[in-house]
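Here is the structure we will look at.
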Amino acid sequence: MGTGTSGPGNQRFPKSARLRSPAEFKKVFDARQRVADDVLLVFGKENAWEHSRLGLSVSRRVGNAVVRNRWKRLIREAFRKNRASFSLPLDLVVLPQKGAALPTARQVEESLRRLVKRLDAKIRRG
C-alpha cells in the first residue's frame, strides 16, 4: 500500500505546516489574539506564508502521557482536515482547555473550526 503523498487529495501534515521553534510560538503568544470555548484555547497571528501553521502546547496538567498524546492527535487531525478552509494564513497555537474532559474527534474539529473563524474575524477587525 502506498503512502498517498501526491495528488489533489493529499492532506498530510508536513513540517511546513508546523510551528517548530520557541521563537515562532513566542510571536504568536505576543500577538495577544486569542479565542476559547469549553474545549480549546486558540492563540493566533496572521503569517506571511500561503498556508496556516499549527503549534501545540499540551501541558502535564492535562493528564498522563497517554491523555496528552490523544489530545495532540485529535487537534492535529482537526487542523489537517480544516486548514484549507481557513480564509487567512494563520499561525495557531492550540491548547486544551483546563479541566476539559477528553472530547471526541468531532467535538475537537467543531471547536477548532468555530474558534479559527472567530479568531479570523477578530484579526480582520484589528
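Can you name every one of the strands (runs of 3 or more DSSP E) wholly within region 21-126 that holds 3 or more residues which are among the hydrophobic types (A, V, I, L, M, F, W, C), at pLDDT 95 or above and touching a helix residue (DSSP H, G or I) at 6+ places or on another chain (Cβ under 6 Å)? Let's see the steps before the verdict.
Details: elements: 34-36, 40-46, 53-56, 90-96.
Strands (runs of 3 or more DSSP E) meeting the threshold: 40-46.
Any idea which of 83, 113, 68 is surrounded by 15 or more Cβ atoms within 10 Å (Cβ to Cβ) and in contact (Cβ under 8 Å) with a residue 60 or more places away in the chain?
Values: 113 fails: in contact (Cβ under 8 Å) with a residue 60 or more places away in the chain; 68 fails: in contact (Cβ under 8 Å) with a residue 60 or more places away in the chain.
Checking each option against the conditions leaves just 83.
Would you confirm whether any residue within region 33-47 is without any contact (Cβ under 8 Å) to a residue 40 or more places away in the chain and either on the phi < 0 side of the Ramachandran plot or within 10 Å of the chain's Cα centre (by Cα) (or both)? Give the steps one after another, and end with the answer.
Quick first cut of region 33-47, residues without any contact (Cβ under 8 Å) to a residue 40 or more places away in the chain only: none.
Within region 33-47 (the criterion being without any contact (Cβ under 8 Å) to a residue 40 or more places away in the chain and either on the phi < 0 side of the Ramachandran plot or within 10 Å of the chain's Cα centre (by Cα) (or both)), the answer is no, since none of the residues qualifies.
Hey, could you check region 70-79 for residues that are of a type outside the set (A, V, I, L, M) and farther than 14 Å from residue 55 by Cβ and say which is nearest to the chain's Cα centre (by Cα)? If you could, list the steps in order and put the result at the bottom.
Step one: list which residues in region 70-79 are of a type outside the set (A, V, I, L, M), which gives 70-73, 76-77, 79.
Within this subset, residues satisfying the condition of being farther than 14 Å from residue 55 by Cβ are 70, 73, 77.
Details: 70: 14, 73: 11, 77: 9 Å.
Within region 70-79, the match that is nearest to the chain's Cα centre (by Cα) is 77.
Tell me which residues, restricted to region 43-71, are basic (Lys, Arg) and either under 16 Å from residue 112 (Cβ atoms) or touching a strand residue (DSSP E or B) at 6+ places or on another chain (Cβ under 7 Å) (or both). Give the steps one after another, and end with the answer.
Within region 43-71, the first condition is being basic (Lys, Arg), and the residues that meet it are 45, 53, 60-61, 68, 70.
The answer is 45, 53, 70.
Quick check, is residue 93 aliphatic (A, V, I, L, M) and farther than 21 Å from residue 110 by Cβ?
no
The values are calculated or read from the model by the stated rules, or taken from the named source; none is laboratory data. In this text, all values refer to a predicted model and were calculated from it rather than measured experimentally. When we count neighbours, we look across all protein chains shown, and the Cβ atoms used for this are built from the backbone with ideal geometry, even at glycine.
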